[in-house]
1. Taking 0.36 nm per residue of sequence separation and subtracting the Cα-Cα distance, how much length would be gained by fully extending the chain between LYS83 and HIS328, in nm to one decimal?
2. With respect to the cross-link table entries LYS377/LYS418; LYS95/LYS377; LYS95/LYS312; LYS64/LYS418, which display a Cα-Cα separation exceeding 23 Å?
3. How large, in Å, is the range 33-169 by the Kirkwood hydrodynamic radius built from its alpha-carbon pairs?
Amino acid sequence: MITRRRLLRGMFNGAAVSVALPFLNCFLNENGTALAATGEAIPMRFGTWTWGLGMSKELFVPRKTGAGFDLPLEIQALAPIQKHINLFTNFNVFKDAAPNLCHHTGWVALRSGVAPLTPDNRPGETLDVTVAKQIGNATRFNNLVANATGDIRDSFSYASGNTVLEPEFSPTRFYQRLFGTGFQDPNATAFTPDPKLMARKSVLSAVREDAKSLDTELGAEDRARLDEYFTGLRDVERRIDLQLTKPQPIAACRHIPPPPEVPMGLDAELVSKRHRLMTDLMLMAVACDQTRVFNMFYAAAFSGTSRAGYDKPHHTATHEEPVDEHEHCQPHVSWYTRRAMDEWLYYVQALANFKEGAGTMLDNVLVYANTDQSFAKVHSIDGIPMFTAGNARGRLRTGIHVDGAGSPGTRLGLTVMKLMGVELDSWGDKSNHTSQLISEILV
């Protein structure tokens, strides 16, 4: 049987030489979905995608529900990917006794299930972090976050109120993190563990016993802090173990050249270029099994994206531009929304075009997408639109528009987490609490 470790051998100028085979289809099973030698399936992955400042309801929400829904002006660009996505409208966020915190309450409640009490409050943990605990521990990065805004503060992912997942915001920096020092090419013939990593792991192991003895000497709050600290160290140790183990070969993983740096700035064209470069890098990281949970942030809740020839950035325009009664929108604000949908189109198409095994990456992915408001001019959190992309390896239907009839938006968060194997019977707090899945999309 031909295996991945088979070498081509010969003589050159009197010396014996050998060359590794490329990754061949015969290394996969009959369906092209797993390695024939190990039976290991192409893993399931979970992603999130975010845009800022909502929509114009009249130009965004389809009139028809179910399959074959219409595409109003602001989502017209999504026609090429309509069969791959689901759209969720008329789902609400409930603030209960908490205030409606501008550009904060909506996304925090949708991502964590809990309405925040203050602008700095991040209750619970975001759903990507929950999923990463389920599926992310076998990879170098258990959760990756990147944004197209160029601002390190722009992240919708956090593990606790004090632990916001820091995003990558530069394509060149992101490339170095993913494919620079520390990257182990799964298709390389040679594998040489880094002796510095081996020493680092030994140091962590040596202090573990000493750390345990501290438990009896500390108060409850300090023990909690120490436990959080050592949870981080255990994660470092886990990643070191992965770096010291030769990875299985992966057909879809390939070397890509470093991207060009994109100038700083929030002009819509620059943001688009940055988003597309970061998307391509992120998807190759997924293909190389460096991560199975990934988050892409197109625009901030207070989006400062600007338009050539127009003097107001996106967020300012949502508050200052009047509504055109004939067009049923704020025209410039609607333009910004349509640019966001252009980038959602690019993102989903990139997944659908990425060949992996017998299908595409989109076959092995579920992506959850949301924004922070519905109508940003008045900071509305009723009817915040959401999307999914991918069928989670046949576990859900796609191409469907679901009207939530005013039910909690947390229903979608619960549904996607259940699809990713998280054992939850319900999710959310107070009025955002739900045990009801969105059955219309389930197979």
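Readers should treat all values here as calculations from the given coordinates under stated rules, not as data from a laboratory. Keep in mind it's a predicted model, so treat the numbers as computed, not measured.
1. Values: separation 245, 0.36 × 245 = 88.20 nm, distance 2.74 nm.
Stretched out fully, the LYS83 to HIS328 stretch lengthens by 85.5 nm.
2. On the way: LYS377/LYS418 34 Å; LYS95/LYS377 18 Å; LYS95/LYS312 30 Å; LYS64/LYS418 27 Å.
Going by Cα-Cα distance, LYS377/LYS418; LYS95/LYS312; LYS64/LYS418 fall outside the 23 Å limit.
3. Details: mean 1/r = 0.0562 Å⁻¹.
Taking every pair of different Cα atoms in the range 33-169, averaging 1/r and inverting gives 17.8 Å.
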